[in-house]
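> Got a structure for you, written out below as structure tokens; questions coming shortly.
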Amino acid sequence: MLKLNLKVMLVSLSLMTASAFAADKVEVIVDVQKPGAVINKDVYGQFAEHLGSGIYGGIWVGPDSKIPNTKGWRNDVVGALKKLQVPLVRWPGGCFADEYHWRDGIGTRANRPVKVNTNWGGVEENNAVGTHEFFDLVELLGADAYVNGNLGTGTSQEMAEWLEYMTGEGKSTLAELRRKNGRDKPFKISYFAIGNEAWGCGGNMTPQFYSSLYNQYASFLKTPKDNTPIFIAAGGNDDDTSWSDTLTKNVREKWNMKFDAVSFHYYTIPTGEWKVKGAALGFPEAQWISTLDKTLRMDTLIKNNVAVMDKNDPEKKIAFDVDEWGTWYDVEAGTNTGFLYQQNSLRDAIVAALNFNIFHAHADRVRMTNIAQMVNVLQAMILTDKDKMILTPTYHAFDMYKPFQNATSLPTTINNNPKYTLGSTSIPEVSASAARAKDGKLYVALVNTNPKQEVEVALNLGAEKVSSAKGRVLTSELMDAHNTFEKPEVIKPAAFSAQAKGGKLSIKLPAKSVIVVAVE
Ligand code: AHR
């Protein structure tokens, strides 16, 4: 009798554990019946500023260089970026944009004026890369162009004339000047920003003052109907929502001016302190979690700004475009502090993936973003050293997420999401997003933020039948796993697959990993 009772107790105990496990199982629920907004391909946009070797040396070497190039642009770097399907490139800055005078960058290169790059290292800027060279680059990449105008030290006349130079179709003197400089057809501009960081390097303005200037400048920016860019007002940063509020109140589309988007900047700094930001490599676990915690703030920052914009623009006409984001660390030892050169590790790939998942959830308002920056600056895709080039973990994250460009977002929620905790910081262990791509396939992206433990997630796709998931995983032993010029393939994606059992699909996410799979 006693034996029997013990048996019954043991059986019910094991059943309890099994059901407790089932109840606690991390579940990623994708609502395939309620497609959301299309994730604009431009959410995967890049940023190339005249800053350090972000352009000079990094991508531009000039047509006479021994480094193989096309029209001055490095073939190796352009080739790698083409594979990434870079949809959009922002140029010429950043802070540089508000001191950039477009006429310095046209005509015979040898005759262009040499200026000082006062924002970035005080180095000479010989203007070898100007308007025509920039458009050569985007055309080589098959990308769209985002040009940032100079409001800080330029006039409305100068800005209007640059647009006319680029887009003029007729026989105006400016359109003819463009032709004389080698370009018959107008350049196609997808986005045009009126200034940058007007609250700081762009002129230390108040949002009220800037919004009046926006109205003034925008009134004179005329372009042909079929080549009218999306016009962007320079917005706020971090947790300041006053720019989104003031701009969407004070700037209105009128008969002769356009206003399509408010920009926003947010950088992830491990320590949260600009003076000592934290190292790109060799950091403690405390800075792994603080970095991910800080990057996850992007969700709240977007929500706060969108809440303000929803009041002033309930029809969601105006986009909220995060045109600068990414990690910002202390520069690598021995490099010019003004060049913002930093290494890039698995942690950066996780940062990128977390931000992508956030952007997907806000696809209705966030229609364009630019990671800062494309090559050799801050959270770069590519690092170069003379004729050598390496792909960073961030490059691989962008590569894995390619199917999300122009895919339709699907609402994704996570049940029983465990917390990854260190000291007083706790963050969700799993981050996920899903979308129906243009090829009809369902893609799911998953991130495990815990650097020490794998986590198993059950995919719940409602009525959608699932048999397998196939894609790629990015992970490594070390939190700061990175590629070097000597060892360029230490970290790269590996093939990943999972099979459904009894119609249910579970996926084991290794510690500190990013997974993107097509579910079939
Ligand atoms: O991306 C580097 C700099 O960061 C940009 O020039 C500026 O807009 C921001 O402060």
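No value in this document is a laboratory result; all are computed from the given coordinates. Since the model is a prediction, treat every value here as computed from it, not as a measurement. Here the Cβ is made from the backbone with ideal geometry for all residues, glycine too, and neighbour counts use every protein chain on show.
> Test Ser426 against the stated conditions and say whether it is more than 25 Å from Ala494 (Cβ to Cβ) and assigned to a strand (DSSP E or B).
Details: more than 25 Å from Ala494 (Cβ to Cβ): yes; assigned to a strand (DSSP E or B): yes.
Yes.
> Now for a different question. Need at least 1 residues that are on the phi > 0 side of the Ramachandran plot and surrounded by 24 or more Cβ atoms within 10 Å (Cβ to Cβ) per element, so show me which strands (runs of 3 or more DSSP E) inside the range 302-398 make the cut, counting only ones lying wholly within it. Talk me through it step by step, then tell me what you get.
On the way: elements: 319-327, 369-372, 382-385, 388-391.
Hits in the range 302-398: 319-327.
> From the list Met205, Met166, pick out the single residue that is without any contact (Cβ under 8 Å) to a residue 40 or more places away in the chain, surrounded by 14 or more Cβ atoms within 10 Å (Cβ to Cβ) and farther than 24 Å from Gly236 by Cβ.
Details: Met205 fails: farther than 24 Å from Gly236 by Cβ.
After applying the criteria, what remains is Met166.
> Of the residues Thr335, Thr268, Thr291, which is under 25 Å from Phe485 (Cβ atoms) and within 16 Å of the ligand (Cβ to nearest atom)?
Values: Thr268 fails: under 25 Å from Phe485 (Cβ atoms); Thr291 fails: within 16 Å of the ligand (Cβ to nearest atom).
None of the others qualify; the one that does is Thr335.
> Can you say whether Glu285 is away from the ligand (no atom under 16 Å from the Cβ), more than 29 Å from Asn150 (Cα to Cα), without any contact (Cβ under 8 Å) to a residue 40 or more places away in the chain and surrounded by fewer than 21 Cβ atoms within 10 Å (Cβ to Cβ), as far as the supplied structure shows? Before the answer, list the steps.
Details: away from the ligand (no atom under 16 Å from the Cβ): yes; more than 29 Å from Asn150 (Cα to Cα): yes; without any contact (Cβ under 8 Å) to a residue 40 or more places away in the chain: no; surrounded by fewer than 21 Cβ atoms within 10 Å (Cβ to Cβ): yes.
The answer is no for Glu285.
Yes/no matrix, rows are residues, columns are (1) among the aliphatic types (A, V, I, L, M); (2) out of contact with any Asp or Glu (no Cβ under 6 Å at 6 or more places or on another chain); (3) buried (at least 16 other Cβ atoms within 10 Å of the Cβ):
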position: Ala458; (1), (2), (3): yes, no, yes
position: Ala463; (1), (2), (3): yes, yes, no
position: Lys487; (1), (2), (3): no, yes, no
position: Ile491; (1), (2), (3): yes, yes, yes
position: Phe496; (1), (2), (3): no, yes, yes
position: Lys501; (1), (2), (3): no, yes, no
position: Ser506; (1), (2), (3): no, no, yes
position: Pro510; (1), (2), (3): no, no, yes
position: Ser513; (1), (2), (3): no, yes, yes
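> Answer yes or no as to whether Val43 is within 22 Å of the chain's Cα centre (by Cα), in a loop (DSSP other than H, G, I, E, B) and touching a residue at least 40 places away in the same chain (Cβ under 8 Å). Outline the logic, then answer.
Details: within 22 Å of the chain's Cα centre (by Cα): yes; in a loop (DSSP other than H, G, I, E, B): no; touching a residue at least 40 places away in the same chain (Cβ under 8 Å): yes.
For Val43, the condition - within 22 Å of the chain's Cα centre (by Cα), in a loop (DSSP other than H, G, I, E, B) and touching a residue at least 40 places away in the same chain (Cβ under 8 Å) - is not met.
> Trp102 is checked against (1) surrounded by fewer than 22 Cβ atoms within 10 Å (Cβ to Cβ); (2) closer than 22 Å to Leu174 by Cβ; (3) within 16 Å of the ligand (Cβ to nearest atom) and fails just one. What number does that condition carry?
It is condition (3) that Trp102 fails.
So that you can scan it fast, the table gives a plain yes or no per residue for (1) in a loop (DSSP other than H, G, I, E, B); (2) farther than 22 Å from Asp245 by Cβ:
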| position | (1), (2) |
| --- | --- |
| Met166 | no, yes |
| Glu169 | yes, yes |
| Leu177 | no, yes |
| Phe187 | yes, yes |
| Phe192 | no, yes |
| Glu197 | yes, no |
| Ser212 | no, no |
